[in-house]
Structures are given as structure tokens and as C-alpha cells.
Amino acid sequence: MPGALQLPIVDLSSPDRFSTANSISQACIDHGFFYLVNHGVDEELVKKVFEQSSNFFSLPIEDKMKLVQRNHRGYVTLYAGKLDFTSSSTKGDSREGFYIGPLADDLNQWPLEEDLPSWRSTMETYYKKAMSVVTELLSLIALSLRLDEDFFEKLGALNDPLANMGLLHYPGGLDCSDEEIYGASAHSDFGMITLLATDGVPGLQICREKTEQPHVWEDVPSMSGAFIVNIGDVMERWTNCLFRSTVHRVLPPGQERYSVMIHPFMFTSIVISCVIISQVFKHNSCTFVLESWVLLGTFLLHVLLTPVAFFANPNKECIIECLESCCSESCPPRFPPIKYIDYMKERMRLSYGF
């Protein structure tokens with residue numbers, strides 16, 4: 001059975017920025033995850049995002065297919081991709097999605113206002129708010145690495161970010177087969193950092209030692225009003241593995257789950273994910289991964305989990321190479337320099353086949 005993990009807590013409103021930066025550094029070294037409190041995103045806005053996500057996925061399939069994905073924007077069907085490209089499962093992850101890219105490039109697809117009133121404006125507002133949190137958090141991360149607070153902005157990481165906001169739905173009542181099917185199979189995030197907001201129901205699990213086998217999974221409890229923040233692969237490469245990009249997965253709900261994300265794997269600089277989950281009691285005939293997703297029995301606990309994840313990735317032309325403060329003669333760079341878009345394309349190919 002996986003154990004529960006209590007993560008470090010970082011207060012974004014603290015006036016002592018050096019102390020906050022030190023707390024972030026220690027959390028990223030030890031866990032790769034931490035709680036972020038007093039982040040400034042209004043809880044009512046988060047609630048509206050959850051509600052609007054549910055409204056979209058409640059539409060008939062023929063209406064959703066009118067917005068089927070083009071240019072990595074729009075509706076994606078169930079089992080369309082698998083984050084764990086090493087898995088032997090023949091099915092993709094058990095979720096459908098709707099993806100929104102940069103707000104200014106006119107490539108996004110939107111439901112009609114008469115069908116889903118205020119849907120577009122709600123998503124755009126949340127996107128902008130989450131980006132503000134990311135910008136502030138990155139300045140503290142730079143400080144924690146003995147860099148100028150505006151280091152990542154000067155580097156160009158946040159110039160014209162390729163943000164992709166993804167709404168995810170994890171349907172329940174799926175058949176329980178011999179294959180392990182996850183809401184989000186084991187993976188590390190592609191980009192710099194990820195913000196995740198939840199409403200209290202468990203689902204997220206992490207494995208702190210990703211090179212060890214078998215993996216040891218720990219449940220990450222939510223904290224009311226807090227983001228769960230984790231480090232992505234790009235930040236791990238920048239810091240020469242000083243900060244860890246921790247492998248994690250999401251357990252699927254017994255009935256259904258919705259999420260709204262701004263996603264790193266869709267050529268993005270930012271990703272949001274909100275999830276509404278109905279959880280079912282565990283059943284020993286299936287792996288615990290299915291305990292939250294698949295209807296295994298007749299006794300269900302109707303509880304909603306509504307995480308919102310925001311994945312922050314650098315500009316597509318940004319060069320990812322070891323920071324000077326993170327290498328030395330005794331600790332040389334572990335990774336060669338790579339342009340972010342090239343790194344993203346390879347991750348996309350492995351996870352999605354394109």
C-alpha cells in the first residue's frame with residue numbers, strides 16, 4: 001500500500017524572499033514537490049473553472065467532436081495518448097481532453113457562447129492568473145539558485161510562452177481489464193514547474209526515486225487553498241539534477257473525473273489542469289490505479305476532486321543547458337544543451353506518436 005507524504009509548505013506572500021527562496025530550494029532538492037500557499041488566485045475563480053470544465057464534457061459526443069483537435073487545440077478523445085511510454089499497456093490513459101493554446105494567436109477553438117456562456121472568459125482569466133503566479137515563483141527559484149530574480153525573463157524563457165491549457169475528463173464505468181489503466185500514467189513533467197490545485201480528494205502519487213525498481217509510490221494529500229508545485233524536466237536539466245523532476249501518476253476515479261490543465265506536452269510554456277473526481281472504494285481484483293476510475297463494485301463514495309494544474313515551460317527557442325551555479329569541475333553538466341522545442345518534440349513523439 002502506498003504511504004501518504006506531507007510536503008514542505010512555501011508561503012508566496014512572505015516578505016522574506018531569501019527565506020522563501022531557501023525553502024523552495026530545499027523542497028526541490030528533497031522532494032521535487034511542495035505546497036504553495038497564499039498564491040493570490042481566487043478560490044471562486046478556480047471553482048468556476050471546474051464547473052465550466054464539467055459543462056463542456058457533459059455535452060453530447062457529436063457536439064464535442066465539432067471541436068476536435070487541430071494544431072494541438074480543441075477536443076481529444078478517450079485513450080488518445082499515454083504519458084508512460086515504457087508501459088506495455090496497449091491502451092492510452094483513460095481521459096478525454098480539451099486543449100487551449102496561447103491566447104493571442106487565433107488558433108484556439110471555443111465552444112459557442114450561447115452553448116456555454118462565459119466559458120471562454122473564465123478560461124482566459126484563469127490562464128492569466130496562473131501565469132502571474134508562475135512568473136513570481138520563477139523569480140524565487142532564480143534567487144534560490146543564486147541568480148538574479150529576473151534571470152528566467154532575461155533568458156527569454158517567458159517571452160511569447162507557448163502556453164497550452166488542457167481541460168481533462170476521466171470517465172467512470174470503464175471496463176476493468178487485465179491491463180493497468182491510469183488517469184495519467186507514470187511520468188515526469190516536460191517543462192519548468194507545475195502548479196496543481198485540488199479540493200481534498202486523493203489521486204496524485206509520486207515516486208521520489210525514479211531510477212530505483214520497483215517504484216515506491218506515495219500519496220500526496222491536498223491542502224485546502226494551496227497549490228501543489230512540482231519541478232519539471234527542464235528545471236532538472238538546468239540545475240544539473242540538483243532539483244529533481246519527480247515521477248508521478250494520477251489514479252483514475254470510479255465514476256468520472258474532470259480536469260483543466262495548461263499542458264507541457266502540447267508545445268506549451270504553461271499548462272493548467274483541473275480535475276473533478278468521483279472516487280470508488282478499492283477493489284483487490286484490479287490495481288489501485290483503477291480504484292478511482294473504474295466502476296469495480298456497487299458501493300460508491302461520491303466525492304469530487306478538482307485539481308487545477310498549470311505547467312510552466314520555457315519559450316520554444318530557449319536553450320536548455322546547465323546553469324553555471326549548478327556545475328563545477330567535480331560536477332560537470334550531465335546533459336548536452338538542447339533547444340526546448342526539440343526536447344518537446346521528442347517527448348511528444350514518445351508519448352503521443354507525433
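The values are calculated or read from the model by the stated rules, or taken from the named source; none is laboratory data. Note that the coordinates shown come from a computational prediction; the quantities given were computed from them, not determined experimentally. Cβ coordinates were reconstructed from backbone atoms using ideal geometry, including for glycine residues, and neighbour counts include every protein chain displayed. Please note that ligands, DNA and RNA were not included when accessible areas were found on the heavy atoms of the full protein model with its side chains. Shrake-Rupley method; radii C 1.70, N 1.55, O 1.52, S 1.80 Å.
The GluC sites (Glu not before Pro) of segment 63-137 that DSSP puts in a loop, and whose beta carbon has at most 10 other beta carbons within 10 Å, are Glu114.
Protection proxy ranking for 15-22, 190-197, 43-50, using the average of other Cβ atoms within 10 Å per residue and placing the highest first: 190-197, 43-50, 15-22. Of all lysines in the structure, the ones whose alpha carbon falls short of 24 Å from that of Lys64, not counting any fewer than 8 places away in one chain, are Lys47, Lys48, Lys82, Lys91. Shape verdict for segment 34-93, please, from the Cα gyration tensor: rounded (a/c under 1.5), prolate (a/b greater than b/c) or oblate. Oblate, since a/c reaches 1.5 and b/c is not below a/b. Charge dipole of segment 88-242 (Cα centre as origin; +1 on each Lys and Arg Cβ, -1 on each Asp and Glu Cβ, all else neutral): 360 debye, rounded to the nearest 20.
Using a probe of 1.4 Å, the accessible surface attributed to Asp150 totals some 60 Å² when neighbouring protein chains are kept in position. Rolling a 1.4 angstrom probe over segment 1-119 with all protein chains present gives an accessible area of which 51% lies on carbon and sulfur atoms. Annotation: per residue accessible area for segment 96-159 equals 46 Å², rounded to a whole number [probe 1.4 Å, protein chains only]. Peptide packing: for 51-60, 102-111, 222-231, the average count of neighbouring Cβ atoms within 10 Å per residue gives the ranking 222-231, 51-60, 102-111, highest mean first. Computed with every protein chain present, the accessible area of Tyr99 is close to 10 Å² [probe 1.4 Å]. Protection proxy ranking for 326-338, 79-91, using the average of other Cβ atoms within 10 Å per residue and placing the highest first: 79-91, 326-338.
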